[in-house]
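Let me begin by presenting the structure, written as structure tokens, before commenting on it.
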Amino acid sequence: MPSPDGGPPEDPEQWTDQQWIDYLKATDDEDEPELPVTPMGKVTRSSGGQVLGQAMLGMANAVFGRHDDEVVVVEEGPSGPGDDEPFTVRLDPDHPERSTVVVRRPPPPAD
């Protein structure tokens, strides 16, 4: 027995399955376009298909690496590497006692 406002009954067990289906069809939103049902559409819209698709993407990232779309701009400058640094560190991993640090004094101010 429907409720006084025309909605579903207070006790859901009062309606049959067909009554529920008819009620749901009557209250469906008509603005949604119907998508064509294809075998691939069934797979991609199912939760199992989505899990499988994400697993395949993860596997592709693991095997081939992530595709990096970041653009890196490198421009050559007039100085060599480390010329504008105040110090240079050269580490010798085989003989740590041969490691050196060179500290450059700033040039005297031009008067």
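For this structure, a couple of remarks:
- Of the helices (runs of 4 or more DSSP H) that lie entirely inside segment 1-65, those containing 2 or more residues that are at pLDDT below 80 and within 31 Å of the chain's Cα centre (by Cα) span 39-45.
- Top-ranked residue of segment 74-108 - restricted to ones that are at pLDDT 85 or above and among the basic types (Lys, Arg), ranked as farthest from the chain's Cα centre (by Cα): ARG98
The values are calculated or read from the model by the stated rules, or taken from the named source; none is laboratory data. Bear in mind the structure is a predicted one, so any value in this text is a computation, not a measurement.
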